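Data first, discussion second: the structure below is written as structure tokens.
The values are calculated or read from the model by the stated rules, or taken from the named source; none is laboratory data. This one's a predicted model, so the numbers in the text were calculated from it and none came from an experiment. Glycine also receives a Cβ, built like all others from the backbone with ideal geometry; neighbour counts cover every protein chain displayed. Quick note on the areas: whole protein, heavy atoms, side chains included, nothing else; ligands and nucleic acids left out. Shrake-Rupley method; radii C 1.70, N 1.55, O 1.52, S 1.80 Å.
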Amino acid sequence: HDVVLLYLTRGEGGIEGKSAQQAAAIRSAEAQKACTILGARPLFAGQIDGNTEVNRTRYTEFRKMLQAENPDIVFTHWPIDSHRDHRVASLLVYDTWLASGRKFPLYYFEVEQGAQTQHFHPTHYINIAQTETRKRAACFAHASQRPQEFYALHDTMHRFRGIEYGCELAE
């Protein structure tokens, strides 16, 4: 499969004590490393971390970018999320899906159940027991985002969703 990870921003506002340019360089390199681990290709939508926008221009730009990839399937953030950039990403994807005539299957995922993602109730599960170590390595490639802190929530989510699905680890 040709897998593309479409990053809405380059993380410009995400590293305390770093300029936007420094943070973007660090976060872009981390994204590339994570994509290498996953066998994916990074693509950046050009918005600014912490200042993402939903407007006519952004809808059009994003739609062109996503449609150019001609996806067979798209996964995006659940729209009810405490992180503004996650909500924006979700809305831009949803708008593209509608504009494309629902050409591709669209699935939502949770980020940090209860901490960021709110009111998410899965309709589909994937057993990730055999791929979780790669996911973990890819998440830890984003070292500037303190994965040792946030990944503990993922461990809990994986186990909980696994119980719901009847396996060890699930999403």
Taking a straight Cα-to-Cα line shorter than 24 Å from Lys33, and setting aside same-chain lysines fewer than 8 residues away, one finds Lys18, Lys135
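Determine the gain in length on full extension of the stretch Glu164-Thr131; use 0.36 nm per residue of separation and subtract their C-alpha separation, reporting nm with one decimal. Mind dumping the intermediate values first?
Working: separation 33, 0.36 × 33 = 11.88 nm, distance 1.84 nm.
Stretched fully, the Glu164-Thr131 segment lengthens by 10.0 nm.
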Correct semi-axes for the chain, from √(5λ) of the alpha-carbon gyration tensor and rounded to whole Å with the largest first, are 24, 21, 16
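Counting only C-alpha contacts under 8 Å and six or more residues apart, can you give the relative contact order of the range 1-153 as a whole percent?
Contact order relative to length: 25 percent.
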Glu149 and His121 label points (each 7 Å along its Cα→Cβ direction) are spaced in nm at 3.3
Restricting to aspartates and glutamates and to Cα separations under 15 Å from Lys64, and discarding same-chain partners fewer than 8 apart, the set is Asp95
Note: Thr60 to Gln32 extended length (0.36 nm per residue) minus current alpha-carbon separation gives 7.5 nm
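Accessible area per residue for the range 54-171 in Å², computed with a 1.4 Å probe and the full protein assembly in place, what is it? Mind dumping the intermediate values first?
On the way: 7170 Å² over 118 residues.
With the other protein chains kept in place, the range 54-171 gives 61 Å² per residue.
GluC sites (Glu not before Pro), restricted to the range 1-93: which are DSSP loop and have at most 16 other Cβ atoms within 10 Å? Don't skip to the answer; put the middle values down first.
On the way: sites: Glu12, Glu16, Glu30, Glu53, Glu61, Glu69; in loops: Glu12, Glu16, Glu53, Glu69.
In loop regions of the range 1-93 (DSSP not H, G, I, E or B), the sparsely surrounded GluC sites (Glu not before Pro) are Glu16, Glu53, Glu69.
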For the Tyr107, Ala25 Cβ pair and Förster radius 25 Å, calculated FRET efficiency rounded to 0.05 is 0.20
